Amino acid sequence: MKKLLAFALALVMVLSMASFATAEGLNIGVCIYKFDDNFMTLYRTELESYLTGMGHTVTVVDGKNDQAEQTNQINSFIAQGVDVMIVNLVQSTAAATVIDLAAAADIPVVFINREPTADDLAIWEKVCYVGADARQSGTMQGQIVLNTENKGDINGNGKVDYVMIIGDPENVDAQYRTEYSVKALTDAGLEVNELFAQRGDWDQAKGQELAATALAQFGNEIDVIFCNNDAMALGAVQAIRDAGRVVGEDIYLLGVDALAEAVELVNAGEMTGTVLNDHVGQAHTAADVAVKVAAGEIPEKNYTVDYVMVTGK
Ligand code: GAL
């Protein structure tokens, strides 16, 4: 009986220690594809402060847009024996390699922002993805155009002539936003005409350069400039001003993310609209899921946070 009691006591102690370890004091490694990205900067800042606020130790590293560098960082988190990793891949195609490394060390991984394929996520039970469904953001960009008085055909030639400034053609967010923004228009029965489509790597300076090139080449033929994100749209705003064009009067401009600067421009009429990419919701979900998987819970494969349309006041 005594022995049983001692055993029960020991069990209670072990269990309470285990739950203490999961409640706080986790060691969490966070890999960001590159620090020099407006949206991911907001995201990582929120992620870090939310996790440290819960009492965890967080190390955030900059992959510098180099997958080899990020894989080294993952190896060093594994060598340090972190409890869980939160990973914004440089290249989604590296997911399988990362999962194999993590599984061998039994360290769970929560992928964020850049979605691995379902096949990759199926490799190991302790991996999952937290993100938003980029199809939704593309569709919303298209809907904002449909809601304009001329349904996007601002030059009145009977079709929507558009410019597409792409984030990165290998990235699912970029692929879906590119496809679904236009699909919303064709699904509504509109005729569309792609004048120009080039990659701007999610970057403001590149967005400006590409918009300037398109405006110089196609002038008043352009009805709509779609940008896969706000950073590039902020660049396009400058190019539109420089070209003497006026958003809402002779051209439309769309972004995604709802960066504070972009929302101000939407309210001022210098952007037609954007779509909120909820970095706070995604950061909190990723953090909460990471804490649970570190405690041994088997996660779902996908956690999705909704986008929200943002148009002028
Ligand atoms: C997207 C975001 C972009 C960029 C990209 C990086 O979700 O909208 O602005 O940050 O992620 O992967």
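222 nm [θ] for the chain, helices only, -39500 (n - 2.57) per DSSP H run of 4+, per residue, to 500?
Result for the chain, helices only: -15000 deg cm²/dmol.
Can you give the local net charge around VAL145? Use residues other than it whose beta-carbon is closer than 9 angstrom to its beta-carbon, Lys and Arg +1, Asp and Glu -1. Please list the in-between numbers first.
On the way: positive: LYS151; negative: ASP223.
That works out to 0.
Take the solvent-accessible surface of the protein heavy atoms, probe 1.4 Å, and return the percent of it on region 189-260 that carbon and sulfur atoms account for. Don't skip to the end; give the middle numbers.
Working: 1170 of 2740 Å².
Its accessible area is 42 percent carbon and sulfur atoms.
Suppose a student asked you for the relative contact order of the chain, using Cα pairs under 8 Å spaced at least 6 residues apart; what percent would you report?
18
Over region 72-228, calculate the relative contact order: mean separation of alpha carbon pairs under 8 Å at least 6 apart, over the residue count, as a percent.
Over region 72-228, the number comes to 21 percent.
Is there a pair in LYS151/LYS183; LYS159/LYS183; LYS34/LYS206; LYS64/LYS126 whose C-alpha atoms are over 24 Å apart, and which pairs would that be?
Table pairs above 24 Å Cα-Cα are LYS64/LYS126.
Within 10 Å of each candidate Cβ there may be at most 15 other Cβ atoms; applying that plus a DSSP loop requirement, which GluC sites (Glu not before Pro) in region 169-259 survive?
GLU170, GLU191, GLU249
The values are calculated or read from the model by the stated rules, or taken from the named source; none is laboratory data. All values derive from a computational prediction rather than experimental measurement. Glycine gets a Cβ as well: all are built from the backbone with ideal geometry, and neighbour counts include every protein chain shown. Keep in mind that these areas ignore ligands, DNA and RNA; they rest on the heavy atoms of the full protein, side chains included. Shrake-Rupley method; radii C 1.70, N 1.55, O 1.52, S 1.80 Å.
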